[in-house]
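Beneath this line is the structure, given in structure tokens, with notes to follow.
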Amino acid sequence: MDKMAKYKDIATIIRNRILEGVYPTGGLLPEQIKLAQEFQTSRMTIQKALEILNFEGLIYSTQGKGTFIKSNAASLSRLDTSINQYVGTTELFKDQAVVKSQILKNELRLPNADEQDKLQLTKTDAVYDIIRVRYLDTAPYCIEHSVMPAKILGDLTDNILKESIYAYLENQLNFKIGAAYRKISADQPNQMDQEYLKCAITEPVLQVEQTVFLQTGEPFEYSTTRHRFDKGSITTINMGNARAN
């Protein structure tokens, strides 16, 4: 690589190699020092990348033997999203498809009581009210309805919304994205789902309601995302720490 890769980028590359069979299931990953040499980065950065893949349930490490690819890793769908995944649609699919956005709404307004509570705002703090349809190549993937504080986002233009809000936050505003709280449910398609996601009235949609925080703990997004039933799922990984009572 031409420059030092970030650990998230390295994790994406290794993940794709696993899903594509470049690294066979049940086999060993290359040693960390060899990966560090390939990506022209430090071993610590490689370890952070592997922590992501371990958390996603793709790999596991055995002391003295190395890091192995789990036998079911290749069966994980590219459209599956980890329950802990909050990197954003553009980052999630950047090596798999062209992500495009159709902006249906981008307005400044005052928050309602629920938004004030979730985003820790006063009733006079302005928010952006954003609705976007996200496409993978030309296929509709989801409808995102996001409410975000103007005091954090600054001048949020349509050009930014057509690309990645998260990339704008991290690369232009120098914020670091932290944790997220998610609520996942199934719902019947509404008129907007039927129009933009091409859902039949009998087909369910997957709804993800989330509040996302900066590393400082300040909430910067309250959103509801609605997916076609056949365009992915939310996965959760039990890392083996559960105990029967």
Of Lys105/Lys231; Lys6/Lys151; Lys6/Lys231; Lys48/Lys231; Lys48/Lys151, pairs whose Cα-Cα distance is over 26 Å: Lys6/Lys151; Lys6/Lys231; Lys48/Lys231; Lys48/Lys151
In order over segment 184-190: 3J(HN,Hα) from phi, Karplus 6.51/-1.76/1.60, θ = phi - 60°, whole Hz, x for each Gly or Pro, gives 10, 8, 9, 8, 7, x, 8
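Values in this text are rule-based calculations from the coordinates and carry no lab data. Since the structure is predicted, the reported quantities are computational estimates derived from the model, not experimental observations.
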